[in-house]
Number of protein chains: 2
Amino acid sequence: MSDTVEGREAVALLERTRTTVHPQLRASVESLPGSVRRVAMYHFGWEHADGTPAAGSAGKAIRPALVLAAARALGGDPQPAVRAAAAVELAHNFTLLHDDVIDEDPTRRHRPTAWTVFGTPDAIIAGDAMLALALRLLAEDRHPAAAAASERLAACVIELCAGQQADCAFEERAPHEVSLEDCLGMAMAKTGALLGCACALGALYAGADEEEAAAMDAFGREAGLAFQLIDDLIGIWGDPARTGKPVGADLAAHKKSLPVVAALASGTPAGAELAELYGGPMDAAAVSRATAAVDRAGGRDWAQLQAADRMARAVHELSRAVPDLAAAGDLLALAEFVTRRTR
Amino acid sequence: MSDTVEGREAVALLERTRTTVHPQLRASVESLPGSVRRVAMYHFGWEHADGTPAAGSAGKAIRPALVLAAARALGGDPQPAVRAAAAVELAHNFTLLHDDVIDEDPTRRHRPTAWTVFGTPDAIIAGDAMLALALRLLAEDRHPAAAAASERLAACVIELCAGQQADCAFEERAPHEVSLEDCLGMAMAKTGALLGCACALGALYAGADEEEAAAMDAFGREAGLAFQLIDDLIGIWGDPARTGKPVGADLAAHKKSLPVVAALASGTPAGAELAELYGGPMDAAAVSRATAAVDRAGGRDWAQLQAADRMARAVHELSRAVPDLAAAGDLLALAEFVTRRTR
């Protein structure tokens, strides 16, 4: 992926974003009260479990990069939006901390998750504090866009909660009880909403009106859905050497990802076969058969077409906010990057 | 307690507050996305677990009453502060939802807690959404005080998190490892901070300057600490018929409440006896001996004197914000009420 021009551009852009936003992000996290700060510092990879400094990465910074790139695309100075970029990254990391507790995920960014190290109570509390910190950063911001940004971020967090709740509910339902529409709605709430919010905040800090901010929001949402579709495809057909996960890990976990739900909803014999397989334990042979069934039922093609369609919609929305798309090169490079990334 | 003039006044005031703030609070909760709304509606006692309407109480509304009374004490119109009052109540209920998960408490307001009904994931998510909703209410508010109110509420939530984290940490430590100073600091963060924030927000909505808001904040904090001290005394010596809890429930649970920590830190033989009792299982005989030991070690007297001292400090702080205390009758009635309430 980083072999393409957009890929190299995006990688450089993310690197620059981290350099720009990291000091604000880190200063904010370090302002937390001691006990809560320690969990947060660990989560971001800045400290080991024993509190000694670590040189870990705090994530790719895709959302902060979208904030700054959206501001630039509308002719704004990205510098005043750095605080908003840090706020979005804090909100994102609040969701990671709580999602890991809820999903009982043992690892994150190749390290034990915070709840496994500090216990569930401390991980819940650190997530709560990180959410409050995100909204505090905007509340303390004297930029004229800060009030509208606060509104959008708070509304977005409520949507993220609804998405996470839907995700949990789907995993408990039988395969035929999850509709493709529900599943797309969940992905939009859980993944698209925050990418859209990041773009809208950047627009607001560049002085955009409500209509431009809404178009930027829609761009981020559609790109986010494309990203989720590609991510789900990688979860089934991705190269384990690149994804860092075993072959078919999502299928082995009975995950109701978008290609799977599309296959289940296809009304084809292959879809019925998949439903039967998903009703039982998924050993290597079952994973292999399920992988082929998703493909034959049309789940793979559907997801690829949807992803392309969503990216086309994203670019269309973007052109409403930035009529001369040449000014939006960074945003397009980021969108390309997230939809082709490897894990 | 409701036999006193202040008591009757406070009860009437709380009733009026619920009538005023309830529509805003309920409309906000009903604006949440369906799945999250359901948990929140249950938590507030407005719906049964199956989603049918319930006539339950949503709590005493002490914090919203403080917001409105603080606005009135400074000569302000309480009506524009109703939104802020609802925001404070939402923030309070966010802490209840998460604290119940963290402490694994089975009941709240005489009903099964949300996590026991909907599961831990849904209760965590509903709490998250309620916190975001609280800050969203203020972000959407066009009142000139809204920005400063957002800052204070977000900062307060971070302090609440630190308080809850300290509480969890104390419960895991050996009795002699918890100092009285740590314990007072924890109570200030966990209980005082939000009562202080409620008073400060009311002041801001009445047009108070930063100094008046800070004095109101200090009033609420000191009153909050007095409340906690009285609450801890009731937890040991309260009449079970009035508290609804068995005799000595806090001691039976090895709770490191303020009178207990004061007794442990007393350096008296009775304090040593208490430490030894707390090292073992607390049956009825042990509870009875521990109760006497806290008393003999001076924990009871200390807590009563501290509570009186804190109330004196509260009134002194209040007089800095409201030089003619006659205007602050409602606030004083509420402070009297919370420090003498039965559970």
For segment B:5-340, the charge dipole (Cβ of Lys, Arg +1; Cβ of Asp, Glu -1; about the Cα centre) points to a positive end, and the Cα of B:A284, B:I236, B:M41 closest to that extreme belongs to B:M41
Between the label point of B:R109 and that of the same position in each other copy, find the distances and list them shortest first in nm, with every label point placed 7 Å from Cα along the Cα-to-C-beta direction.
3.9
Enumerate the amide H contacts of A:R108 below 5 Å, restricted to partners 5 or more residues apart or on another chain; note that Pro and chain-start residues carry no placed amide H.
A:T113
Using a Gaussian network for chain B with springs between C-alpha atoms less than 10 Å apart, which of these wobbles most: B:A262, B:A84, B:A284?
B:A284
What lysines could a cross-link reach from A:K60, if we take a straight Cα to Cα line under 25 Å and drop same-chain neighbours fewer than 8 places away?
A:K190, A:K245, A:K255
State the dimensionless ratio Rg/Rh of segment B:230-343 (Rg: radius of gyration of Cα atoms; Rh: Kirkwood radius).
1.09
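Would you calculate a helix-derived [θ] at 222 nm for chain B, using -39,500 (n - 2.57) for each DSSP H run of n ≥ 4 and dividing by the full residue count, to the nearest 500?
Details: 17 runs with 244 residues, N = 343.
Result for chain B: -23000 deg cm²/dmol, rounded to the nearest 500.
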Listing A:L32, B:L135 by rising number of other beta-carbon atoms within 10 angstrom, fewest first, gives A:L32, B:L135
Restricting things to alpha carbons, tell me how big the protein assembly as shown is in terms of Rg and Dmax, in Å.
26.9, 81
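Scan chain B and note any complete DSSP helix (H) whose C-alpha atoms cover at least 20 Å along its axis and whose Kyte-Doolittle average is 0.0 or more. Please list the in-between numbers first.
Details: long enough: B:5-30 (36 Å, -0.38); B:82-103 (31 Å, 0.51); B:120-139 (28 Å, 1.33); B:146-172 (39 Å, 0.47); B:210-237 (40 Å, 0.31); B:299-321 (33 Å, -0.71).
Span-like helices here: B:82-103, B:120-139, B:146-172, B:210-237.
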What are the semi-axes of the equivalent ellipsoid for chain A, taken as the square roots of 5 times the Cα gyration tensor eigenvalues, largest first, in whole Å?
33, 25, 18
Neighbours of B:E15 by Cβ distance under 12 Å: Lys/Arg at +1, Asp/Glu at -1, summed charge +3
Could you give the size of the charge dipole of segment B:5-340 about its Cα centre, using +1 on the Cβ of each K and R and -1 on the Cβ of each D and E, expressed in debye and rounded to the nearest 20?
780 debye
Which of B:T116, B:P175, B:L133 sits closest to the plus end of the dipole of segment B:105-220, meaning its Cα is farthest towards the positive end, when Lys and Arg get +1 and Asp and Glu get -1 on the C-beta?
B:T116
Averaging sequence separations of C-alpha pairs under 8 Å and six or more residues apart, then dividing by the length of chain B, give the relative contact order as a whole percent.
20 percent
Residue exposure sequence - B:Y205, B:Y278 - by fewest surrounding Cβ within 10 Å:
B:Y278, B:Y205
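Net charge around B:A303, counting only other residues with Cβ within less than 11 Å of its Cβ (Lys, Arg = +1; Asp, Glu = -1)? Walk me through the numbers on the way to the answer.
Working: positive: B:R300, B:R310; negative: B:D231, B:D232, B:D295, B:D301, B:D309.
Around B:A303, the charge tally is -3.
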Net charge near A:L25 (other residues with Cβ under 12 Å of its Cβ; Lys, Arg +1; Asp, Glu -1) is +2
Please list the radius of gyration and Dmax for segment A:7-108, considering alpha-carbon atoms only, with Å as the unit.
14.4, 45
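Quick one: if the Förster radius is 56 Å, what FRET efficiency do B:A284 and A:V247 give, using the C-beta to C-beta distance and rounding to 0.05?
Values: r = 60 Å, r/R0 = 1.07.
E(calc), rounded to 0.05, equals 0.40.
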What three numbers, in Å, describe the spread of the alpha carbons of segment A:134-280 along their principal axes, ordered from the longest?
57, 34, 25
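Take the alpha carbon gyration tensor of segment B:121-168, find the square roots of its eigenvalues, order them as a ≥ b ≥ c, and report rounded if a/c is under 1.5; if not, report prolate when a/b exceeds b/c, else oblate. Provide the component values of the computation, followed by the final result.
On the way: a/c = 5.88, a/b = 1.48, b/c = 3.98.
Oblate.
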Anchor B:K256: aspartates and glutamates whose Cα lies under 12 Å away (excluding residues fewer than 8 positions away in-chain)
B:D167, B:E171, B:E172, B:E177, B:D182, B:D232
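Readers should treat all values here as calculations from the given coordinates under stated rules, not as data from a laboratory. Computed from a prediction, not measured in an experiment: that's the story for all the values here. Glycine also receives a Cβ, built like all others from the backbone with ideal geometry; neighbour counts cover every protein chain displayed.
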